[in-house]
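First comes the structure, then the notes that go with it.
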Amino acid sequence: MSELTYLQAISDGLRDEMRADERVFVLGEDVGVFGGAFKVTDGMVEEFGAGRVMDTPLAEAGIIGAAVGAAVVGLRPVCEMQFADFIACGFDQLVNVAGKMHYRQGLAVPMVVRLPSGGGFSGGPFHSQNPEAWFMHAPGLKVVAPSTPEDAKGLLIAAIRDPNPVVYLEHKKLYRSIKGEVPDGTYETPMTARTAREGTDLTVIAYGAMVHVALEATQDLDASVEVLDLRSLVPLDEHAILTSVAKTSKVLVLDEANQTCAAGAQVAALIAEHAFEDLDGPVRRIATPDIPIPFSPSLEQAVLPSVERVREACRELLDY
Amino acid sequence: MSSSTTDVTMPQMGVSVTEGTVIAWAKQPGDEVQADETICEISTDKIDTDLPAPAAGTLAEILVPVGQTVPVGTTLARIENADRAGGAIGDASAAPGAEAPRSTTGPARSHARLSPVVQRIAQEHNIDATQVRGTGRGGRVRKQDVLAQIERRPDTLSRIRRTIGEHMKRSLDTAATCTTWMEADMTRVEASRKTRGLTALPIVARCTIDALRELPALNATLDGERYERSEDVNLGIAVSLGEDGLIVPVIHRAQELSAEGLATRIKELARRARANDLNPDDVRGGTFTITNPGQFGSLMATPIINQPQVAILDLEAIVKRPVVVTGDDGQDMIAIRPQTILGLSWDHRALDGALAAQFLAAVRRRIEAWHG
């Protein structure tokens, strides 16, 4: 075990898997000599060479398209989008080509697209988005979003080994703010939910950075609050969600993404359909309103789900 | 309509009284009540009393169910006042039942709005959730309220307790039960069982079987007017399941077994009874039963006959006592002897006291002459 930041854990997982499997290679903008915009691939070009740590032009369609081809012929590409927001440029290659390859041609596409996502640091409308719901809606893609260093490493390795194209969301705010014990060597974290805290009175369902907001908001409440970390959005751990709701009968679902059709909307719909007779209150959601993320720090803080808003919603649900 | 209601509250009955319990409701929702007419009975740790209605009208809803203890001042029920009552009574008579008055009033409705989980739990536990006191927003009945209500509810009897109760009551209602007692000297049984590693029960059982062969009128069943003696002794042995009750497995054709054989069968049946592993044949067809609760020191009991049998033998504690014995030289003396009291409950419809005493004497004779 080593104590690593969330960012170091991602690097560690990538490096260990590249050492273990020579089919694994990295491609993206400035991932080589510069070591990546956030330094996830720092030092890798020196260890693995430019053939396995490839700097690409600023062309997301080209990065993802090249990865699809490499994956089809048996390699294990890991693409880095410099910011999650830029994946819009590679949308067609990912959604239409990678996502439907197995359905149309019967070919596996074992590739990973890493998405540094999320806001909270005045990145503005082009550098703060949480685009996971776009890909949840596209059949053929898996979508994972770790919240801890241990899961960041294990889910990245699981994503690389998965025969499907996997969208891997790494929250930028967690990069250096979260530290934790991380096992040495390679291991896979299952694409299932994790109970971040056990509780009996209320379930808060979250993923990525919102898990930490949920934990902080509920730690001092005079109630037993369960926090469920989804970890994977596709596949969605429906069993874990429904089991927790059956226990607590009250639910708050958090998204940092814009509210409409966010991952939490799917979770809420699942509960409404399959856990109706377990509910003792309305399924509440907190998400970012359907607006671009403002540059202004105070405005940004006003739109992102805050610890205070989450705590207040929990109190209301507990009192209901 | 919502404005014209009067609350019925838990009254202050003496300065030190802080809470009271509803014992019974004299009125139900929809019933007409007169001012000062008894609406319910309440109880405190000091007194039980009738609670008069504070106003005339129609009982709109009951908020505190029977058995619930609430603080003084708690609203127990609401009365829809008389000046508005005409319509409500009309509604109630048109559609009888608790639903009718609830559906006519605004505030009552909010109490009736139950979440899916509350409705499900209430239904599973056969509780009227509208009668549960809500602690949620606006008095809403929450999941924890209905769960707390279930916890407070007195335990209902388990299925096996109900079954035992029914059987016992039916036996007492059916048979003309008498009990006869007789003392027996257990010296030989005690000596024998110690050398053979047995308990007294299989030896007494063996003696009982022989006595039943001698007096077969007790090895029988009486079902209505149909009295039937049995060739075989199918001996029931009452086995305690602790708090879970009692069951009587049957040793079929017990006359073929020695005391050791009976001991083995009793042990096996008791083990299977406690492991819930008896099959229906193991408890069927008994012709006589022995019960043996004496391990806790009880001396006498009046056992209840296991229907449709006609008698049951009760073996209680074996206790050392000073008794008068006659020596070989004809001299009486006081000796210390392990004694027990054999109790026989028998059905006076099937036999008479003389036969019961004769039977007990036959068992005693065998016990006191036991050699083996």
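The values are calculated or read from the model by the stated rules, or taken from the named source; none is laboratory data. Bear in mind the structure is a predicted one, so any value in this text is a computation, not a measurement. Reconstructed Cβ throughout: ideal geometry from the backbone, glycine too, with neighbour counts over all protein chains shown.
Observations, loosely collected:
- Unique match (being out of contact with any Gly (no Cβ under 8 Å at 6 or more places or on another chain) and surrounded by 13 or more Cβ atoms within 10 Å (Cβ to Cβ)) among B:I336, B:I304: B:I304
- Comparison of A:V68, A:V40, A:V78, A:V31 shows that the only residue that is aliphatic (A, V, I, L, M) and in a helix (DSSP H, G or I) is A:V68.
Yes/no per residue for (1) of a type outside the set (A, V, I, L, M, F, W, C); (2) in the same structural domain as B:N219 (by TED's automatic domain parsing); (3) in a loop (DSSP other than H, G, I, E, B):
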{"residue": "B:I290", "(1), (2), (3)": "no, yes, no"}
{"residue": "B:Q295", "(1), (2), (3)": "yes, yes, no"}
{"residue": "B:P303", "(1), (2), (3)": "yes, yes, yes"}
{"residue": "B:I312", "(1), (2), (3)": "no, yes, no"}
{"residue": "B:K320", "(1), (2), (3)": "yes, yes, no"}
{"residue": "B:V323", "(1), (2), (3)": "no, yes, no"}
{"residue": "B:G330", "(1), (2), (3)": "yes, yes, yes"}
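- Qualifying residues in the stretch A:223-236 (those that are more than 14 Å from chain B (Cβ to nearest Cβ) and over 16 Å from the mean Cα position of the chain (by Cα)) - the one surrounded by the most Cβ atoms within 10 Å (Cβ to Cβ): A:V227
- Taken together, A:T218, A:T192, A:T200, A:T243 contain a single residue that is polar (S, T, N, Q), more than 30 Å from A:M18 (Cα to Cα) and surrounded by fewer than 15 Cβ atoms within 10 Å (Cβ to Cβ), which is A:T200.
- Flag: A:I293 matches the condition of being surrounded by 19 or more Cβ atoms within 10 Å (Cβ to Cβ), away from chain B (no Cβ under 14 Å) and out of contact with any strand residue (DSSP E or B) (no Cβ under 7 Å at 6 or more places or on another chain).
- Neighbours by Cβ (under 8 Å, 6+ apart or cross-chain): first from the stretch A:271-298, assigned by TED's automatic domain parsing to the domain that holds A:V213; second hydroxyl-bearing (S, T, Y) and surrounded by fewer than 13 Cβ atoms within 10 Å (Cβ to Cβ): A:D290/A:T260
- Considering residues of the stretch B:114-146 that are among the aliphatic types (A, V, I, L, M) and more than 10 Å from every other protein chain (Cβ to nearest Cβ) only, the residue nearest to B:V66 (Cα to Cα): B:V132
- Considered as a group, the residues in the stretch B:154-177 that are part of a helix (DSSP H, G or I) and of a type in the set (D, E, K, R) include one that is farthest from the chain's Cα centre (by Cα), and that residue is B:D173.
- Within the stretch A:237-264, tally of residues that are away from chain B (no Cβ under 14 Å), out of contact with any Cys (no Cβ under 8 Å at 6 or more places or on another chain) and in contact (Cβ under 8 Å) with a residue 60 or more places away in the chain: 7
- Against the list (1) modelled with pLDDT of 90 or more; (2) outside any helix (DSSP H, G or I), the condition B:R120 fails is (2).
- Only one of B:T208, B:T180, B:T221 that is in a helix (DSSP H, G or I) and away from chain A (no Cβ under 14 Å): B:T208
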